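Only the coordinates and a few stated rules stand behind these numbers; no lab work does. Keep in mind the model is a prediction, meaning the values are calculated, not measured. Virtual Cβ from ideal backbone geometry, glycine too; neighbours counted across all protein chains shown.
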Protein chains: 4
Amino acid sequence: MAIHTLIRATGPRWDEATRSPFLDALAAGTLPADALHRWLAQDYLFAKDLLAFQAILLAKAPRNCHQPLIEGLAALNSELGWFESQATRLRVDLDLPPHATCRRYTDFLIRCAYTRPYAVLLAMLFGVEASYLAAWSALAPAGPYAEFIERWSSAEFGAYVAALGGLADQHPHEEAQQYFNEVLVHERAFWRMSLEG
Amino acid sequence: MAIHTLIRATGPRWDEATRSPFLDALAAGTLPADALHRWLAQDYLFAKDLLAFQAILLAKAPRNCHQPLIEGLAALNSELGWFESQATRLRVDLDLPPHATCRRYTDFLIRCAYTRPYAVLLAMLFGVEASYLAAWSALAPAGPYAEFIERWSSAEFGAYVAALGGLADQHPHEEAQQYFNEVLVHERAFWRMSLEG
Amino acid sequence: MAIHTLIRATGPRWDEATRSPFLDALAAGTLPADALHRWLAQDYLFAKDLLAFQAILLAKAPRNCHQPLIEGLAALNSELGWFESQATRLRVDLDLPPHATCRRYTDFLIRCAYTRPYAVLLAMLFGVEASYLAAWSALAPAGPYAEFIERWSSAEFGAYVAALGGLADQHPHEEAQQYFNEVLVHERAFWRMSLEG
Amino acid sequence: MAIHTLIRATGPRWDEATRSPFLDALAAGTLPADALHRWLAQDYLFAKDLLAFQAILLAKAPRNCHQPLIEGLAALNSELGWFESQATRLRVDLDLPPHATCRRYTDFLIRCAYTRPYAVLLAMLFGVEASYLAAWSALAPAGPYAEFIERWSSAEFGAYVAALGGLADQHPHEEAQQYFNEVLVHERAFWRMSLEG
């Protein structure tokens, strides 16, 4: 697949958002348990707010976006269920306040959801999901967290990301690149927080 | 199934919202084509705005509402596709302005979606769907529009309505009855408009 | 002052929205008390929702709209106080549910406030206020309701309406005329409801 | 005046939000010009988003909040005009992107404006303004920036802050303290950014 224009034009932010010592340690089996648990809880809290972002985007979006956005909501709902079962298994408490870094990211998303046009929000959602796919797909699906790696480097998740990229292409907006870039800055900070606390 | 409290307490509005000469004529095969076409186009326009209502509700709703609300969005998306294929088959133009009666109903829904708490919105959505189920389920699934009748008296649609009623029970609100009642008044007006123009 | 383009292009809706038997009877001193009281209460309820409309518009509007929109909010707040003192004087209960006609109008306004761009909302606000100015300015400021007539045909109110017309000119939008027209249809219905109940 | 409950219960956050090396240097006449210019531009950008926050709060607020909130909007509009004239005088460009610290603060405010109840927003607005009053009132109104100091330690500004504190008292909410606290954390970061870039 050709590299999406939004990704190509964002420059070094892309690598900064999709590579992290957290992921390297996870793949190598050397991640401290407290970092894994922090990531699990904070990513869960992030995903709950992302669901609200996607729902508000859906409310604004035209007819040809409905199907992929609703499929994305269904997938995100399954993901929340998966986080809940992992948290039970690993005895991680999900009823926590969000970390400041998580909160900044979701404050940004929800503010934009209510105030930006749907075409900008499409580019943002593509940024969230495409960078997540790239980050996990770079890892070998082995070791204690193979299931995690496979989850977000699957063909199914790849097809969803490709569909979002297609929607962003069909609905361009002059502010799309700027907000796509900002998403990546938040992604980078989130990975760092997951490792460092 | 026991009659839901919201239905029992609404009084004669329930019958007024769920029985109509439009539906009687449709079941009897005596419905004028122009009334069918008007209903088809206006119900499609209504459903597009209902999708926005449901999406904004989802953005506000707590975790245990996510699954049924997302399934409802997926079903509504399929329904929009079904309307589009029926419109093609029957050569009905869907690119129309909404009728004043349709517009009043969706103005009410969208205003509430942005300004009322999610628990009120759950009661409203239950009102929309439960009255639709009751209206169509009262008809014999035969004649030229058997497919229409079966669509909205199916066990699957009944299960969705029951799930919405359950959510309304779990999330009560002192304003729920009032807004449920208002939905039914709009439902009644919609059926009348469909027949009379 | 030249007639504003939005007014000229709206056709007969303008006269229909700005002339009414209610106002003729009020000026002639023949208005039944119950009609005056109904109008007073319903216009008060309308104005409270109009305040919300104007506030949401302000939140979306660019810098050069701030001053007139905030002055408009201050004037509307004074107007609400004036209605409250008139209601006390005339022993009219303001704690009523809105009439269906009032509710339809504010459902339309609030829905648009949340979903339409600010430029469309400017045209709508101009429609609300310009038609009100025209309706009251056509009456001779005499008789038992001279104070009412003077209130909405004052030079100050005229200057505010002219400022709103100027903002609508500076911030045109392809949907402005359509929504301006819809405002006038609601205005007409409101006057009729005030007289007829 | 007794110390407001929200202030007393917030603990050391209050001093951290209302004392800063930036203000000490400003009062002592030793503030570097680039820090002053950065503060001027970023506080202007902040105030523009605060205006949107206040407008959305107004749209949600009950009748007895209207007058003080609209007066607050008028004062904020004057303040924006004052910033614009200061920027012209000092040749500071106001057409800049917000600093990440400014953006985090306004992302938080705007997200809450759309998603939190008005009573929480009242507590937040009180936090923004009361901490600003306290920060400037601690300085001697002398030196090159005496006008700045006088502006935000004036009796008029004090009366507005007292009115907001009164509204927060009349409309308590269980989440008020938490969101008040978060405002103060953003205030502290803003002062630091103003000095350090």
Segment B:120-186 -> Rg/Rh from Cα coords, Kirkwood Rh, value 1.06
Averaged over the residues of A:54-64, the number of partner chain Cβ atoms within 10 Å of each residue's own Cβ comes to 6
Quick calc: nm separation of the 7 Å Cα→Cβ label points for C:GLN170 and B:ALA142 -> 6.9 nm
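How high is the FRET efficiency between C:ALA47 and B:ALA47 when r is their beta carbon distance and R₀ equals 35 Å, given to the nearest 0.05?
Once rounded, the FRET efficiency stands at 0.55.
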Computed over the Cα atoms of segment C:107-148, the Rg and Dmax in Å are 14.7, 43
At R0 = 51 Å the Cβ-Cβ FRET efficiency linking D:HIS37 and C:ALA162, nearest 0.05, sits at 0.85
FRET efficiency (B:ARG8, A:GLN178; Cβ distance; R0 60 Å; to 0.05) is 0.65
In debye to the nearest 20, the charge dipole size for segment C:1-157, taken about the Cα centre with +1 at each Lys and Arg Cβ and -1 at each Asp and Glu Cβ, equals 540 debye
In nm, the gap between the two label points placed 7 Å beyond Cα toward Cβ at B:THR30 and B:GLU71 is 3.9 nm
Hull volume per residue for segment D:61-169, using the convex hull of the C-alpha atoms, in Å³ is 119 Å³
Computed over the Cα atoms of the protein assembly as shown, the Rg and Dmax in Å are 28.4, 90
Note: C:99-105 gets an average of partner chain Cβ contacts (10 Å, Cβ to Cβ) equal to 2
Relative to chain A, whose Cα atoms define the longest principal axis, helix A:176-196 and its Cα axis are tilted in degrees, nearest 10, by 10 degrees
Across A:LEU96, A:LEU50, A:LEU73, the residue with the highest GNM fluctuation in chain A (Cα network, 10 Å cutoff) is A:LEU96
Note on segment A:45-182: contact order normalised by length, alpha-carbon pairs under 8 Å, 6 or more apart, percent, works out to 29 percent
Computed over chain B: longest principal axis from alpha-carbon atoms vs helix B:63-90 long axis, angle to nearest 10 degrees, is 10 degrees
Over the Cα atoms of chain A the radius of gyration and the largest Cα-Cα distance (Dmax), both in Å, equal 15.9, 46
In whole Å, largest first, the alpha carbons of segment A:13-113 cover along the principal axes 46, 33, 24
In the B-onto-A rotation, chain B's nearest residue to the axis by C-beta, with distance in whole Å, turns out to be B:ALA55, 2
Dividing the alpha-carbon radius of gyration of segment B:25-66 by 2.2 N^0.38 Å, where N counts its residues, gives 1.78
